[in-house]
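The structure appears below as structure tokens.
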Amino acid sequence: MRRRLTPYREMAYHFLVRRYGKSVDWNCSYAEIAEVTKVPIVRVRAICVRKGYPVSHDAQMPVAYMPVDKYFALPFSIVRNLY
């Protein structure tokens, strides 16, 4: 069973998240906020979503790349130009 937070602790978490977010102009991620404020990342995400804070998300798009051996093994020159 999950422990319910007291209203004061929830307000304190909200204050910590808001204070750090405003100090960096919301140019941060949930993980950065959780690391700095020592608030659990689940709570940070819930607070930011509920209050609508513009935080950049932790999951970023992976960089598309092709290993060199696959590049040389491509049969068509047009496909090589996409590299």
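The values are calculated or read from the model by the stated rules, or taken from the named source; none is laboratory data. Bear in mind the structure is a predicted one, so any value in this text is a computation, not a measurement. All Cβ positions, glycine included, derive from the backbone under ideal geometry; neighbour counts span all protein chains shown.
Listing for the model above:
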item: Any hit, the range 55-63, residues being outside any loop (DSSP other than H, G, I, E, B), touching a strand residue (DSSP E or B) at 6+ places or on another chain (Cβ under 8 Å) and at pLDDT 60 or above; result: yes
item: Residue 47 modelled with pLDDT under 55 and either over 13 Å from the mean Cα position of the chain (by Cα) or not in a helix (DSSP H, G or I) (or both); result: no
item: When residues of the range 4-42 are limited to those that are of a type in the set (Gly, Ala, Ser) and over 12 Å from the mean Cα position of the chain (by Cα), the one modelled with the highest pLDDT; result: 12
